[in-house]
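Just below is one structure, and these are the notes that go with it.
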Amino acid sequence: MTTAPRPSRGVPPMPERSIAALRAAIAAHAPQLLDDFEANWRAKIADTYDIGAAPAFLARWWGEYALARDPELDRHVRDLEARAAQCTDPDKAKDLLEEASRIHHSVRRLGPGE
């Protein structure tokens, strides 16, 4: 079983698990995500009045923020994905994407304060 990677030194902790707290954390620590977060919020929830979509929205952006708040980990995952896209060996590309996927899934399991 893969455990969540330990954040690099100076990485802010995960916020309370709510959309408002996550938005505030994104604004403070990963502002490059804010426009996409807001656009996705409008498209999936605000403009549709579909509050049933809120758990999936929170899960997606929880993982996005968990990576973005740790530039070192984010670079590592993006590098794995880029290397897989350029790889001519299907088995190696699969291994690279599986490692990126494990990291994506592990950071989604982080709890508030981690």
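What follows is calculated from the coordinates using simple rules that are stated; it is not laboratory data. Predicted model only: the values in this text are computed from it and were never measured. Here the Cβ positions follow ideal geometry from the backbone for every residue, glycine too, while neighbour counts run over all protein chains shown.
With each run of n ≥ 4 DSSP H residues scored as -39500 (n - 2.57), what mean residue ellipticity at 222 nm is computed for the chain after dividing by its residue count and rounding to the nearest 500 deg cm²/dmol? Don't skip to the end; give the middle numbers.
Details: 5 runs with 69 residues, N = 114.
Value at 222 nm, helices only, nearest 500: -19500 deg cm²/dmol.
Can you list the HN-Hα couplings for region 97-110, worked out from phi with the Karplus curve (6.51, -1.76, 1.60; θ = phi - 60°), rounded to whole Hz and with x for Gly and Pro?
Whole-Hz 3J(HN,Hα) from phi for region 97-110: 5, 5, 5, 4, 5, 4, 5, 3, 5, 5, 6, 5, 8, 4.
Give, as a single signed number, the net charge of other residues whose beta carbon lies under 11 Å from the beta carbon of residue 26, with Lys and Arg counted +1 and Asp and Glu -1.
On the way: positive: 23, 69; negative: 35, 36, 38, 64.
Counting the neighbours of residue 26, the net charge comes to -2.
What list of ³J(HN,Hα) couplings, whole Hz, do you get for region 21-38 from phi and the Karplus terms 6.51, -1.76, 1.60, once you set θ to phi - 60° and write x for glycine and proline?
Result, ordered by residue: 5, 5, 4, 4, 5, 4, 4, 7, 10, 8, x, 5, 8, 4, 4, 5, 4, 5 Hz.
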